Structures are given as C-alpha cells and as structure tokens.
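None of the figures in this text is laboratory data; all of them are computed from the coordinates on show. These numbers come from a predicted model, not from an experiment. Note: ideal-geometry Cβ built from the backbone for every residue, glycine included; neighbour counts use all protein chains shown.
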Amino acid sequence: MKAQTINLDKYTACEGCDLLLPIVESPPGHSTVCPRCSTTISRRSTHSIVKTLALSATGLLLYLPSTWLPLMSIESFGFSESANIIDSMINFYTSGYYFVSLMVLISALILPLVLLSLIFTVSLHLRLKRYPLYLTRLFRIYIKLEEWAMVEVYLLGIMITIIKMMGHSEIHYHMGMLCFILLVITSLAITTVVDKDFFWRTMERGEAGEKGRRPDFEIMEGDDSVTAAEKRIQLCHICHKLSPFSDAVCPRCGDTLHRRKPMSVSRTWALVVSSALFFIPANLMPIMQVDFLGMPDRSTILDGIIYFLHTGSYGIGLIIFIASILVPVFKIVGLTILLLSTHPRSVRFLKQKTAMFRFISFIGRWSMLDIFVIALLTVLVDFGFFSSIHTAPAATYFCFVVAFTMLAAISFDPRIMWDKYTPLSKDKDHD
Ligand SMILES: [Zn+2]
Ligand SMILES: [Zn+2]
C-alpha cells in the first residue's frame, strides 16, 4: 500500500452508505445519485439564491393573513363558526391536550415562520454577497428544523375536513384559505429550489476565501477500501463536508462531527419501542368525541375510517387509513427490520434497506393528518348543545407516535448497516 493525498474539498461521501465519491459538477436541474445505494448526493438548481429569496419573501408576506384570517366557516342550526390554525391550537390547550397543542403549534404555526425567516435571511445575505459569521449557524438551524414544519400536511387536513363537513352544512371559504394554499405552494417550491451544496459553497468561499483551503489529506491507496470511514474521513451531517477523524467540529458549518450518528442503534431502538407502545392506546382509545343533542359519541381512529367507508367516501377513508394506521405501522416495522440488520452480519438487500430508510424518513410527517383534521373539526363544529366535536385521549398518544417515529428515523444511521459489509478498520467505536 502506498500513501497518496486527496483534497477533501473535492470529495464527498454518501449519507446512506458512506461511499467516498468525487464531487461532480452536474448540469443544473440534474441530481447525482450514489452508485452503491442510490441515495441522492446533490441536486443542482439554477439561480437558486434569487429564486429562494423571491419565494421566501412571498412566503413571509403570506404568513400573517394565512394564519390569522379565518380559513373557512360553516353554517349549521342557524349558527356560524369559523376556524383558523390559532383557534385550533387554543382549543387543544384549553381542553387540556397540551402535547397535541404543542405539536400543532410547532408544526403548523411557529416552524413555517421560523423557516421562512431563516431562509430569507440566508438567501438575502448571499444575494448581497455579505457573509457574517452567524450566517452558517442560521442555515444549519434551517436544515435541522426543516422536517418539522408540516404546512402541506395541514392543507390536506383542511381538504379532508371540508369533504367531511360538506354533506352536513354549508361551507364558506375566506381569504385566509387562499393565502394559506399559496403559502403551502411557496413552501414546497422553496424546498425544490434551495441548492444546499451551492449555498454552503458560496458561504464558505465568501467567508474564508482561498485562506480556507485545507492542506491535502493523506490516504492509503491500493487497498480495496471504498468508504470514507476506511480512509479515516468523516462526513458532516449538516453540510456534507468531509473532515479527517481528528477534527471535532466541521470547518464549514460549525456542527459537531461524528463518524456515525452517536448511539444511533440504542437511541433508535428506544424510540421505536416507545412508539410501538404508544401506538396501542392511540388506536384502542377514542380520538374524537361528537356530542349531538347532548348525547356523546366517542370514536377511535378505526371508527372514523369505517364511517367514511360506510358513507361512500372511499378515497378519504383510504387516505386516513394510510396516514394514521399504515404509515405508523410501516415506520415501526421498517425501522425494526433496519435495526435488526445492524446486529448480525446481515449484508443482504442493503440497497433495498437503504431505500426503505429513505422512504420511512419521507413519509414520517404525514401521520399528523388526522390530528389536523380533528384540530379543525373541534373549532368548526361547536354549536353548543346541538352539536359539538371534542378531542379525546388517544390524540395525545397519537402525537407521541408521530413525534417518536420521526425522531427514530432521524437518529438511525443507515451507514451502520453498510459497515457490516465493509467493516471499519481496527477501531470500532461508532462515535
Ligand atoms: Zn450510498
Ligand atoms: Zn458541516
């Protein structure tokens, strides 16, 4: 074996399997994919900074009207009730469902604003070619929080609520609804135009200039090692820059570096087991209570689905079944399979398992759907003695399931499965 040097700034590693890869400048609009596990390495987008700036400014303008103005109102028994996201949240809070209220507050109200403000500030600075030190920290927070904002899930919740109420009462739409739909479209567009790699590289160049170039890193050539870890290199989770094992902090984004996510397997196990336990009361206990002329009628998630199937709304029944039952079950079972494959020397179907991990991370947030539907119904259907809808205990357990399965997917490190395939050289510590 002979020693050779590589420039770490010209290489990257796959997040899914740790394969060491040279950075290729793919044409705009194209993405690079890992040849070993098919995880997306980078996605190029044209005029990323200007587009992000324009979209986030639009999003910020839409934010206030879409959260404070009423979305819609319904008329029944001669009463009229209107709803927006703030009413729903207050309603959960006053009925004692603090955790549900907190989840709705964070995912539908606070984070969309925080994310829009962060990405607006970052893209504005990049556009003005100003690189203050806090810029990397802001973008780092943006990347860490991104997954927890769920405006599009909330929009689907609104649509289901409308279909649910259509037969029973007259629905009126307000300006808030139009603003909210535009806000969701803007938020989705931002996620497709932000070219994270390009943002990081622009910040790095602006901040440090040529001084920031690190000395070439010495690697061993000639063996059949392929992963970054085998060459004693680690990938930053946030900005995907490579650094030698000896570095504790990423030179580009300032995040703490780890060879593998810390305590990944035990943390993920703990979260998966807790999710599985909470999933039982979430389904056995009632999640919603409908009072009609003083008669309470409590229903579980499954009762709700059966109701839709009975009334002929097969599409909605199916969507709620997928979001509330299938997705959590798939996440719990899927993560258990992934966790089991980190224990024995299981090197089969690694590519398929990595794809399953990507799918689990992607679908996580959609389970909040039923909670959003209930959030809207409790506010909209409040006609005193005649008819009202209330939250029931399963809602809290269900929110735990959503939060814990999402955290489990975040704490799982798919590269540990691949380490069995290409064992790490001598030192086996995974932090
Ligand atoms: Zn890979
Ligand atoms: Zn970094």
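Loop-located chymotrypsin sites (Phe, Trp or Tyr not before Pro) in the stretch 313-346 (DSSP state not H, G, I, E or B) with no more than 11 neighbouring Cβ atoms inside 10 Å do not occur.
For S367, S95, S31, what ranking results if the residue with the fewest other Cβ atoms within 10 Å of its Cβ goes first?
If I rank by nearby Cβ atoms, fewest first, I get S31, S95, S367.
Distances between every pair of Cα atoms in the stretch 1-81, grouped in 5 Å steps from 0 to the bin holding the largest one, split as 3, 11, 12, 11, 11, 10, 9, 8, 7, 6, 5, 4, 3, 1, 1, 1, 0 percent. When the chain is treated as a GNM with alpha-carbon contacts under 10 Å, the residue of R259, R44, R130 showing the greatest mean-square fluctuation is R130.
Sorting V273, V265 from the fewest to the most surrounding beta carbons within 10 angstrom yields V273, V265. Pairs from the table (K144/K164; K51/K164; K51/K144; K231/K331; K51/K331; K196/K261) lying more than 27 angstrom apart at Cα are K144/K164; K51/K164; K231/K331; K51/K331. Have a look at V373, V401, V329 and tell me which one the Gaussian network model of the chain (Cα, springs below 10 Å) gives the largest fluctuation. Among V373, V401, V329, the largest mean-square fluctuation in the Gaussian network model of the chain belongs to V329. Mean residue ellipticity at 222 nm, helices only, the chain: -16000 deg cm²/dmol; runs of at least 4 DSSP H residues each add -39,500 (n - 2.57), and the sum is divided by the number of residues.
Taking the C-alpha atoms only, the angle from helix 175-193 to the longest principal axis of the chain is near 20 degrees.
Taking packing as the residue-averaged number of other Cβ atoms within 10 angstrom, the listed peptides 171-181, 115-125, 142-152 run from highest to lowest as 115-125, 142-152, 171-181.
Counted by Cβ distance under 11 Å from D18, the other residues give a net charge of +1, where Lys and Arg count +1 and Asp and Glu count -1. In the stretch 263-422, Cα pairs under 8 Å separated by at least six residues give a relative contact order of 43 percent. Take every Cα pair under 8 Å whose residues are at least 6 apart in sequence, average their separation, divide by the length of the stretch 243-325, and the relative contact order is 14 percent. Per residue, the average separation of C-alpha pairs within less than 8 Å and at least 6 apart gives the chain a relative contact order of 24 percent.
Highest mean packing first, where packing is the average number of other Cβ atoms within 10 Å per residue, the peptides 234-244, 4-14 line up as 234-244, 4-14. Amide H contacts for T39 (H built 1.01 Å from N in the peptide plane; partners 5 or more residues away or on another chain; cut-off under 5 Å): C34. Among the trypsin sites (Lys or Arg not before Pro) in the stretch 334-408, those located in a DSSP loop and surrounded by at most 14 other Cβ atoms within 10 Å of their own Cβ are R345, R348.
A simple packing score, the average count of other Cβ atoms within 10 Å per residue, orders the peptides 133-140, 198-205 as 198-205, 133-140, with the highest score first.
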